[in-house]
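The values are calculated or read from the model by the stated rules, or taken from the named source; none is laboratory data. The shown structure was predicted, so the numbers you read here are calculated from the model rather than taken from an experiment. Because the Cβ atoms are built from the backbone with ideal geometry, glycine has one as well, and the counts that use them run over all protein chains shown.
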Amino acid sequence: MKRVKKLLLILAFPLMVAWMAVPGDIYLEIAKNIDIFTRIYKDVTLNYVDNINPGEFLRAGIRGMLSALDPYTVFIDEKKQDDVNLMTTGKYGGVGISVGVRNDRVVIVEIMDGYSAQRQGIFVGDIMYMVDSVLITPKNYDDISSLVKGEPGTFVNMTILRGDAPDTLNFTLMREEIILKNVVYYGFYPENSGNAYIKLTGFSRPSGEEVKNAIMELKKKRPVESLIFDLRGNPGGLLDAAVDISSKFLRKGQLVVTTKGRDSSSVRNYYVQQEPLLPDVPMIILINGSSASASEIVAGALQDHDRALVAGTKSFGKGLVQTISPLSYNTSIKITTSRYYTPSGRSIQIVDYAKDSKVIKATENVLTKEFQTDNKRNVYSGGGIMPDTLMEEKKAAEITRALWAKGYIFKFCNNYHNKNKSISFNDIKRDKLFAEFTDFLKSEKFEYESELVKDTYASIENLKTNKNYVSLQGKFDALISEVKDLSKNEINSFREEIVNELLSELAYRYSGTEGKIKKQMEYDTQLNSANSAVSIITDKTKFLKLLNNK
């Protein structure tokens, strides 16, 4: 406790000096409230009726304090520091796997190409049974990362279960430096065209170099006549990475983004510092509701300068910038320190966290305002990036979502791959695959109750108090029976969609991430429909009409 008191005094002293030098300002409030907080923390910790864990108690106070701000301002304890390093560097020491919980078992859901787990024959769907001497269950799921990760060159023993086999398999895997890819796929699409396609899923430090390498590799194959840059599902990352990637397409000297803190001295403009790699080719950026932060900086900059047509659905709307500051004991804090603005001056922040807050004094209202691009097209603030051309995403049917949620597609694909490793993926026949899947569902005693069935039951339940219910009960029973029949037939009604999902998942088992993405692209309506990105980018007249708003 003496050490705590000493630390608090050390922290308080410079604050006291500051407010004494500038009486009446914020430092007086800080010092006063530190004193109150310290007394409460000490008195409650020492005098509460039951024993209190001082560390957990303080962390609960920190979480409560920060929850009054925005969800991005958070305390990062020592257990999460690896995640921070991974986000910034895109590297960690591991064996090249990702895990998840399926049907109360911890299973491997991703195998990264070229690393020790793949080389030694571990498969997606394998059940993690033990890491070194630690038995793995969903209860210690949060500890798995620290068990598997470590210094490159060291070893970890992993015991797994595969399929229905009763015996375990043992692997000794060497940890390596794992480099997470930001560019997960690039190629020409359609395959024999001059239209390039790049899919970016993150904005860690190496992402700009990855985009550059992808463009250079594509140029080696043939001239790049147009580009679809896919940012759908990309949650963002580093601001500097967003500026770097924007610089591959904008002219040198153009403004990419402006950040503004709480006062005028914290304004910073970010300009393109290099010549672009693809300065003139027609370009479409695909976004959706999961494209956020750095993705929105890139999309907003290229939209405002009329460098690219933005297509898809409205983006997430995160217009805030965070700064990570290290603290003692291998902890840190991530604080929202500024807002960002696209070159036209718009903020795309969708939620006003200062509204109705007793803690935050707003410096700017989150309002929808009209701005203009370089070509005088109207764009708007306060609600994410609105695409220049809307392309609705095809949503999975309810039955398909249920099959995923209950783990049936994942389990079937594991079993199928384990039994058919020797065949080529191209030899899989759609009709036969669907028949095998329906047989599998029967063996698993799959039961499905659609929302329509649930709503029908609920509606009839509400009518039971009606005086005419008894006389109509036969009709209600017939209605339920008919609705159940419709529900049972949904598997056949959405046969094509379900088979597409099965083939995409199997493509991952047979051909890795690249194979899965290529298969998904075949079924992607935003790429392949009549009003898709491909149809627009390959029609110069249509593209220019949309880009110039004429």
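Given the criteria assigned by TED's automatic domain parsing to the domain that holds Ile245, in contact with a helix residue (DSSP H, G or I) (Cβ under 7 Å, 6 or more places away or on another chain) and under 16 Å from Asn234 (Cβ atoms), does Leu277 qualify?
no
Against the definition (surrounded by 13 or more Cβ atoms within 10 Å (Cβ to Cβ), within 22 Å of Val106 (Cα to Cα) and assigned by TED's automatic domain parsing to the domain that holds Glu496), how does Phe412 come out, yes or no?
Yes.
For segment 51-103, name all the residues that are of a type in the set (Ser, Thr, Tyr) and without any contact (Cβ under 8 Å) to a residue 40 or more places away in the chain.
Within segment 51-103, Ser67, Ser98 meet the criteria.
Residues that are within 19 Å of Asn234 (Cβ to Cβ), outside the structural domain of Ser67 (by TED's automatic domain parsing), touching a Pro at 6+ places or on another chain (Cβ under 8 Å) and among the hydrophobic types (A, V, I, L, M, F, W, C): does segment 293-307 have at least one?
Scanning segment 293-307, I find at least one residue that is within 19 Å of Asn234 (Cβ to Cβ), outside the structural domain of Ser67 (by TED's automatic domain parsing), touching a Pro at 6+ places or on another chain (Cβ under 8 Å) and among the hydrophobic types (A, V, I, L, M, F, W, C), so the answer is yes.
Among the residues of segment 170-189, is any surrounded by fewer than 16 Cβ atoms within 10 Å (Cβ to Cβ), free of Cβ contacts under 8 Å to residues at least 24 places away in the same chain, aliphatic (A, V, I, L, M) and more than 30 Å from Ser295 (Cα to Cα)?
Within segment 170-189, not a single residue is surrounded by fewer than 16 Cβ atoms within 10 Å (Cβ to Cβ), free of Cβ contacts under 8 Å to residues at least 24 places away in the same chain, aliphatic (A, V, I, L, M) and more than 30 Å from Ser295 (Cα to Cα).
With the requirement that a residue be part of a strand (DSSP E or B) and over 23 Å from the mean Cα position of the chain (by Cα), what does segment 326-344 give you?
Pro326
Can you work out which of the residues in segment 90-140 that are assigned to a loop (DSSP other than H, G, I, E, B) and among the hydrophobic types (A, V, I, L, M, F, W, C) is farthest from Trp404 (Cα to Cα)?
Val95
Within segment 395-413, identify whether any single residue is under 30 Å from Ser293 (Cβ atoms), out of contact with any Cys (no Cβ under 9 Å at 6 or more places or on another chain), among the charged types (D, E, K, R) and not in a loop (DSSP other than H, G, I, E, B), and answer yes or no.
Yes - at least one qualifying residue is present in segment 395-413.
Any idea which of Val499, Val534 is within 26 Å of Lys419 (Cα to Cα) and of a type in the set (Val, Ile, Thr)?
Val499
Assigned by TED's automatic domain parsing to the domain that holds Phe316 and part of a loop (DSSP other than H, G, I, E, B) - does that describe any residue in segment 212-222?
The answer is yes; a qualifying residue exists.
Checking the condition in contact with a His (Cβ under 9 Å, 6 or more places away or on another chain) and either of a type outside the set (Ser, Thr, Tyr) or assigned to a helix (DSSP H, G or I) (or both), which residue from Leu502, Leu506 passes?
Exactly one residue qualifies, and that residue is Leu506.
Are any of the residues in segment 439-453 loosely packed, with under 12 Cβ neighbours inside 10 Å, out of contact with any Phe, Trp or Tyr (no Cβ under 9 Å at 6 or more places or on another chain) and on the phi > 0 side of the Ramachandran plot?
Yes, segment 439-453 contains a residue that is loosely packed, with under 12 Cβ neighbours inside 10 Å, out of contact with any Phe, Trp or Tyr (no Cβ under 9 Å at 6 or more places or on another chain) and on the phi > 0 side of the Ramachandran plot.
Restricting the search to segment 467-509, which residues are of a type outside the set (Asp, Glu), at pLDDT 85 or above and either farther than 15 Å from Tyr448 by Cβ or not assigned by TED's automatic domain parsing to the domain that holds Asp524 (or both)?
Val499, Asn500, Leu502, Leu503, Ser504, Leu506, Ala507, Tyr508, Arg509
Of the residues in segment 73-100, how many are under 21 Å from Phe171 (Cα atoms) and either of a type outside the set (A, V, I, L, M) or out of contact with any Lys or Arg (no Cβ under 8 Å at 6 or more places or on another chain) (or both)?
8
Consider only pairs whose beta carbons are under 6 Å apart and that are at least six residues apart or on different chains; among these, list those whose first residue lies in segment 213-237 and is of a type in the set (Val, Ile, Thr) and whose second residue is assigned to a strand (DSSP E or B).
Correct list of pairs: Val224/Ala196; Ile228/Tyr197; Ile228/Ile284.
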